[in-house]
Amino acid sequence: MSTPSANDARFQGRSALVIDDSPLMRQLIRSLLRQFGFSTVDEAADGSAALRQVERHRYDVAICDWMMEPTDGFGFLRALRRHQDPACFGLPVIMVTSVANKSQVLAMRDQGVIEYLVKPISAQKLEQRLVSALTRPRNLIMTDAYSGPDRRRRQDPAYAGPRRRLEDKMAALPWDEGEEDAAIRRATEELPDYAEVLGRDLEKLRGLLAELEAAVEPPVETWRRIFRIAHDISGQAPSFRHPAAAAVGNSLERLLQPILKKPELLRLAANRRLRAVRTHVEALALLLEEGITDTSAETGMLIERLRLAVDRVRREERDGAP
């Protein structure tokens with residue numbers, strides 16, 4: 001089985017477009033692609049900018065984050081697959097996401113996504129998706145209902161079901177940890193210390209929390225900005241070896257997701273929700289102050305307290321709903 005290595009012959013001379021509104025994640029993926037041997041790696045900060053890039057340049061593959069602003073990965077993919085230029089609508093897209101639930105997978109499949117890459121990003125997972133996207137190309141299809149790569153895997157006339165399934169399982173086996181750690185370490189050498197990034201996110205959260213506490217009726221936009229920071233933390237922190245912070249970010253996402261879907265819930269459990277946000281912010285500050293990055297029994301207790309705080313908000317929302 002292969003291990004992540006620099007200048008892989010399968011990727012030499014290849015070009016890629018990395019699409020993410022987080023400069024940090026763009027840098028990480030770009031560094032890994034350079035290690036793999038990609039000769040051209042361009043960047044775009046959202047789906048609209050990416051579409052303009054694709055119209056001007058020809059890429060072998062695009063690696064696109066799901067959640068971006070103002071145009072997310074779904075919007076980019078939908079526009080791409082409706083493009084009149086075959087070189088655009090046939091571009092292989094690897095979608096990066098924090099959570100790949102069934103409905104999300106089906107929606108992306110129907111828009112012609114080639115592969116999924118679930119965070120945290122690792123050299124192993126990224127290379128596997130690239131090999132699949134670039135060495136097993138799919139036919140292009142143009143119909144009234146769909147334009148893009150064939151959503152079915154290429155059929156091999158010599159296919160033997162059990163043997164193929166075994167190969168898929170073998171491909172999923174973990175690589176040597178030393179090789180994987182070395183690849184990520186090389187990719188992050190030129191990036192800022194993630195603790196510094198996390199510290200800046202914490203200051204933003206504190207400022208937004210102060211806005212919430214001072215406002216009589218806090219606007220939905222403020223809640224949305226807090227959710228976005230939480231989403232970035234939960235998605236980015238594991239790739240930079242901060243799983244404890246990722247757990248706090250994920251809990252804060254869970255707390256705020258319902259009110260973004262149904263803003264009318266804001267009038268319910270307002271005080272308890274605000275206290276829960278402060279608890280999450282203080283938990284993140286504690287991890288930074290103590291230099292805690294990994295999960296442990298102690299961080300497990302902290303996350304459980306956050307879960308209980310979120311559950312109390314949920315119950316009050318349900319009890320107050322008409």
* Structure fact -> The one condition D294 fails out of (1) more than 24 Å from the chain's Cα centre (by Cα); (2) surrounded by fewer than 17 Cβ atoms within 10 Å (Cβ to Cβ) is (1)
* To do: Would you point out the residue of segment 104-120, among those that are touching a strand residue (DSSP E or B) at 6+ places or on another chain (Cβ under 7 Å) and outside any helix (DSSP H, G or I), that is farthest from L91 (Cα to Cα)?
  => K119
* To do: Look at E217 and say whether it is farther than 14 Å from E282 by Cα, modelled with pLDDT under 90 and assigned by TED's automatic domain parsing to the domain that holds A285.
  => yes
* Asked: Counting just the residues of segment 269-279 that are touching a residue at least 40 places away in the same chain (Cβ under 8 Å) and assigned to a helix (DSSP H, G or I), which one comes out nearest to the chain's Cα centre (by Cα)?
  -> V277
* **Single residue of D42, D8 found to be assigned to a loop (DSSP other than H, G, I, E, B), surrounded by fewer than 19 Cβ atoms within 10 Å (Cβ to Cβ) and either at pLDDT 90 or above or not assigned by TED's automatic domain parsing to the domain that holds F240 (or both)** => D8
* So which of A245, A285 ends up being under 21 Å from K125 (Cβ atoms), of a type in the set (A, V, I, L, M, F, W, C) and modelled with pLDDT of 95 or more? -> A245
* Asked: Among A62, A79, A87, which is under 25 Å from P120 (Cβ atoms) and without any contact (Cβ under 8 Å) to a residue 60 or more places away in the chain?
  -> A62
* Yes/no for L266 being in contact (Cβ under 8 Å) with a residue 40 or more places away in the chain and surrounded by fewer than 16 Cβ atoms within 10 Å (Cβ to Cβ) -> no
* To do: List the number of the failed condition for D65; all other conditions in (1) at pLDDT 90 or above; (2) at negative phi; (3) surrounded by fewer than 22 Cβ atoms within 10 Å (Cβ to Cβ) hold.
  => (3)
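The values are calculated or read from the model by the stated rules, or taken from the named source; none is laboratory data. As the structure is a prediction and not an experimental result, all values here were calculated from the model. Here Cβ is always computed from backbone atoms with ideal geometry, including for glycine, and neighbour counts include all displayed protein chains.
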